[in-house]
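A quick write-up on the structure given underneath.
Derivation of every value follows stated rules applied to the coordinates shown; laboratory data play no part. In this text, all values refer to a predicted model and were calculated from it rather than measured experimentally. FYI the Cβ positions are ideal-geometry reconstructions off the backbone, even for glycines, and counts take in every protein chain you see.
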């Protein structure tokens with residue numbers, strides 16, 4: 001059946017969780033495009049053959065071939081065949097668009113939640129997608145910077161408004177001594193501390209700290 | 001199409017197969033659209049299953065007449081009447097309602113629409129929605145939740161998760177202690193708003209506070 005390959009391609013992305021991406025399937029992507037080319041070729045062949053037949057018939061009847069009316073002159077069964085090709089091409093196009101768009105949106109989302117691309121995702125991107133991420137990264141950085149057109153605020157720092165300026169965190173792995181505005185803290189595995197929430201956020205993203213309890217928004 | 005052109009779930013829904021009858025038959029593509037046929041041409045009136053994405057375009061041009069698949073048929077309607085909540089929609093058609101609306105639009109275009117069909121779908125949804133909404137706040141383990149969700153269609157599953165999350169958030173708010181001043185405000189408001197029946201509600205509010 002037409003469109004099967006593109007459908008499976010989209011399912012590759014749809015079946016993995018939102019913060020991950022499967023490798024960009026260049027091979028399947030190309031073969032879907034080949035399928036569309038084949039359908040287009042068949043469509044034009046059938047269409048031209050039918051026009052040609054109609055023209056010959058008119059010539060035999062002694063009419064003026066140039067006068068042939070525009071529009072469809074073939075049989076209904078041939079029209080059905082054309083529609084099958086036509087809808088399959090549209091379908092394939094839509095599936096490929098969505099495949100690319102879904103991936104681009106996830107890359108964008110990762111910039112907001114993780115700041116950088118996790119290694120396992122980065123390896124799965126196509127060169128164009130990596131370029132897209134770099135440029136998006138640059139744009140967002142420019143917007144967050146102060147001065148010029150920037151807002152002077154790191155918008156990705158904390159997506160939920162904090163209930164309390166201090167949060168309780170647990171240290172997941174040994175880390176260096178860090179100076180917070182509340183004082184110097186040496187982060188050792190298994191310890192838990194009360195720390196200013198806006199300052200611990202980058203460390204939580206790096207996986208050094210873990211928020212304890214429901215406060216501060218996870 | 002339109003707003004959900006890029007929506008993954010609607011693309012997945014359109015892969016559902018629907019029984020159709022070709023009005024004029026077709027040439028050339030017989031083997032492709034009907035795997036059981038060994039000839040490239042199909043006669044007029046041929047019956048086969050086509051994916052939903054192909055149906056609306058062709059139904060609009062009167063090239064085919066769409067029928068309702070088994071999971072919208074009379075037997076299913078009787079079952080739904082008996083107990084809509086018991087049916088396992090995920091096995092039958094994971095995008096039950098999306099497919100229903102699109103298919104009905106296509107059938108209206110080719111004038112084969114079933115008049116009772118929209119009412120049936122609406123009733124089914126209403127009954128099942130009520131049921132899942134009452135179940136969602138009572139779910140205690142993720143195992144129980146996944147057991148219920150295996151029977152829901154993809155659309156219902158989303159609603160179910162939303163309902164469960166909302167009730168969890170409500171309970172968190174109730175137990176966090178922040179709710180006390182708010183509850184008091186609420187009870188004062190109620191006294192103003194209605195004169196009768198405030199006794200029970202105040203009792204509830206006090207118990208909560």
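Summarising the label geometry, the points placed 7 Å from Cα in the beta-carbon direction at residue A:38 and residue B:173 lie 5.6 nm from one another.
What does a probe at residue A:155 reach in the stretch A:102-116, counting residues whose amide N is under 19 Å from the point 7 Å along Cα→Cβ? The answer is A:104-116, whose backbone nitrogens lie closer than 19 Å to the label point. Rounded, prolate or oblate, given the Cα gyration tensor of the protein assembly as shown, with a/c below 1.5 counting as rounded? Oblate is the answer for the protein assembly as shown, as a/c is 1.5 or above yet b/c matches or exceeds a/b. Classified by the C-alpha gyration tensor, the stretch B:2-174 has a prolate form. Its axis ratio a/c, with a ≥ b ≥ c, is 1.5 or above, and a/b is larger than b/c.
Peptides A:180-186, A:170-176 ranked from most to least packed, by the mean per-residue count of other Cβ atoms within 10 Å: A:170-176, A:180-186.
This ranking places A:106, A:189 by how few other beta-carbon atoms lie within 10 Å of each, fewest first, which gives A:189, A:106. Hey, with R₀ at 22 Å, roughly what FRET efficiency would residue A:176 and residue A:116 work out to, going by the Cβ-Cβ distance, to 0.05? So, using R0 = 22 Å, E works out to roughly 0.65. As a proxy for reagent exposure, ranking B:93, A:144 by other Cβ atoms within 10 Å from fewest up yields A:144, B:93. Between residue B:82 and residue A:55, what's the calculated FRET efficiency when r is the beta-carbon distance and R0 is 60 Å? Round to 0.05. Computed FRET efficiency for residue B:82 and residue A:55: 0.45. Taking label positions 7 Å along the Cα-Cβ direction at both residue A:139 and residue B:143, the computed distance is 4.8 nm, reported to one decimal. Cβ-to-Cβ counts within 10 Å put A:33, A:107 in ascending order as A:33, A:107, the fewest first.
Counts of other chain beta carbons within 10 angstrom of each beta carbon in peptide B:33-45 average 1. Counting Cβ atoms of other protein chains within 10 Å of each residue's Cβ and taking the mean over peptide B:46-59 gives 3. Once the stretch A:166-211 is represented by equal point scatterers at the alpha-carbon sites, with solvent omitted, what log10 I(q)/I(0) does the Debye formula produce at q = 0.16 Å⁻¹? Debye output, listed in q order: -0.32.
The Rg/Rh ratio of chain A, with both radii computed over alpha carbons and Rh defined as the Kirkwood radius, is 1.28.
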